[in-house]
Amino acid sequence: MALLVVSIGSTLGAAGVQPASGGPLDYCDPAATQFDPLDVPPGGSASVTVPRVRQRSIEVLGTGTRLLESGPRHARTAVVFMHGSPGSAADWAEFLPLVAGKHARAIAFDLAGFGHAAPAWGASPKLDAATRFLGSALRQLGVRRVHLVAHDISGPVGLEWGARHPRRLRSVTLFDTGLLLGYSHHQLAQLTRTPGAGESFWSSLNRASFGAGIQQGQTTPLPQEFVDRLYDDLDRETRCAIIALYRGSDEPEIRAFARHQADVLAQRRRRPALIIWGADDPYLPAAMAARQREGFPRARIEVFEKAGHWPFVDYSARVRKTMVPFIRRAIARDRRLARRAHARAQGR
């Protein structure tokens with residue numbers, strides 16, 4: 001499900017890096033520090049400094065992680081931003097204060113194995129584990145009503161949580177992700193799933209080859225600052241988390257949970273949903289955007305021309321104009337429905 005790495009693998013040949021057929025099988029041994037990439041800075045990327053965005057650490061299921069937050073600290077309604085792979089909470093920092101308001105806060109945190117989360121070697125790559133991580137974080141933060149914003153690998157995680165708590169999932173905004181209906185492993189997914197070959201590929205990746213690979217397929221080049229931040233957080237533990245993620249689920253399992261999610265989520269037909277997809281996404285084709293209506297029948301679908309896998313980076317201004325009013329309307333709708341329900345209860 002680590003969708004991003006597909007294009008990196010398919011284009012590294014042009015950057016001069018070819019994965020070997022075998023590799024260091026002990027690459028993901030925490031003690032094998034000889035494999036630590038020398039061009040990844042200790043501690044990862046720099047801290048986020050965005051006006052009206054607070055940063056603190058929380059512990060979720062025994063793993064410390066970074067939380068970015070804007071808006072009222074104890075609001076029970078939250079816009080929950082979830083990042084992809086590679087990526088971190090910092091991907092969403094600029095958007096947090098734009099959707100936070102008097103009645104809702106906005107939060108983003110690093111998933112286990114990514115960003116500034118504490119080392120979690122050997123953590124389960126299964127969907128259930130990531131879903132429990134999300135649920136535990138929401139309980140700790142006192143969030144009851146969720147307006148989900150997700151990208152890449154976090155889409156299935158957020159939607160699985162929503163399928164388990166359908167009344168609490170109030171709206172969704174999905175960027176190049178969602179219900180993985182018909183998903184098939186790509187070439188690099190198959191390579192990464194192969195013991196030895198996957199370790200060899202990820203151990204050979206360096207800053208130059210990563211930068212060259214991630215830009216391939218981008219009609220609009222990603223900002224160098226964004227690419228550098230992604231790589232700054234791509235230490236050996238994160239690379240091993242990606243390896244484990246690919247090896248953790250077979251295609252039939254992925255398709256099965258996507259079908260179940262769609263069947264459950266579609267029962268609340270009026271749930272607001274906004275689907276934004278890059279027309280030139282080389283990892284998940286834009287045709288998948290329409291399939292999201294199998295879980296969100298009234299979804300609004302926006303396909304951005306000349307955008308790749310990160311439309312919120314390619315066209316951040318357009319995303320602000322599209323996403324921010326949508327989320328504000330969804331929050332206002334939620335409050336109207338709550339007032340009506342309260343009035344009916346009082347009338348009894």
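Numerical summary
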{"quantity": "In the stretch 299-348, the residues that are touching a residue at least 24 places away in the same chain (Cβ under 8 Å) and over 26 Å from the mean Cα position of the chain (by Cα)", "calculated": "ARG335"}
{"quantity": "Among (1) more than 15 Å from ARG56 (Cα to Cα); (2) open to solvent by 10 Å² or more (accessible area, probe 1.4 Å); (3) of a type in the set (A, V, I, L, M) - the single one MET82 does not satisfy", "calculated": "(2)"}
{"quantity": "Test: ALA78 is in a strand (DSSP E or B) and of a type in the set (A, V, I, L, M, F, W, C)", "calculated": "yes"}
{"quantity": "Helices (runs of 4 or more DSSP H) contained entirely in the stretch 89-200, each with at least 3 residues that are open to solvent by 10 Å² or more (accessible area, probe 1.4 Å) and farther than 30 Å from LEU25 by Cβ", "calculated": "127-141, 154-164"}
{"quantity": "Residue ID - most open to solvent (accessible area, probe 1.4 Å), chosen from residues in the stretch 277-320 that are among the basic types (Lys, Arg), at pLDDT 95 or above and more than 21 Å from LEU96 (Cα to Cα)", "calculated": "ARG298"}
{"quantity": "Looking only at the stretch 33-42, and only at residues there that are assigned to a loop (DSSP other than H, G, I, E, B) and free of Cβ contacts under 8 Å to residues at least 24 places away in the same chain, the one that is farthest from ASN206 (Cα to Cα)", "calculated": "PRO42"}
{"quantity": "Any pair with Cβ under 9 angstrom, 6 or more apart, that starts in the stretch 230-252 at a residue that is more than 16 Å from LEU180 (Cα to Cα) and open to solvent by less than 10 Å² (accessible area, probe 1.4 Å) and ends at one that is in a helix (DSSP H, G or I) and of a type in the set (Val, Ile, Thr)", "calculated": "LEU230/ILE214; TYR231/ILE214; LEU234/ILE242; ARG236/THR33; ILE242/VAL5; ILE242/THR192; ILE243/THR192"}
{"quantity": "So VAL48, is it among the aliphatic types (A, V, I, L, M), assigned to a loop (DSSP other than H, G, I, E, B) and crowded, with 20+ Cβ neighbours inside 10 Å", "calculated": "yes"}
{"quantity": "Tally, over the stretch 234-285, of residues that are in a helix (DSSP H, G or I) and not acidic (Asp, Glu)", "calculated": "23"}
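The values are calculated or read from the model by the stated rules, or taken from the named source; none is laboratory data. Keep in mind it's a predicted model, so treat the numbers as computed, not measured. Because the Cβ atoms are built from the backbone with ideal geometry, glycine has one as well, and the counts that use them run over all protein chains shown. Surface accessibility is based on the protein's heavy atoms, side chains included, excluding ligands, DNA and RNA. Shrake-Rupley method; radii C 1.70, N 1.55, O 1.52, S 1.80 Å.
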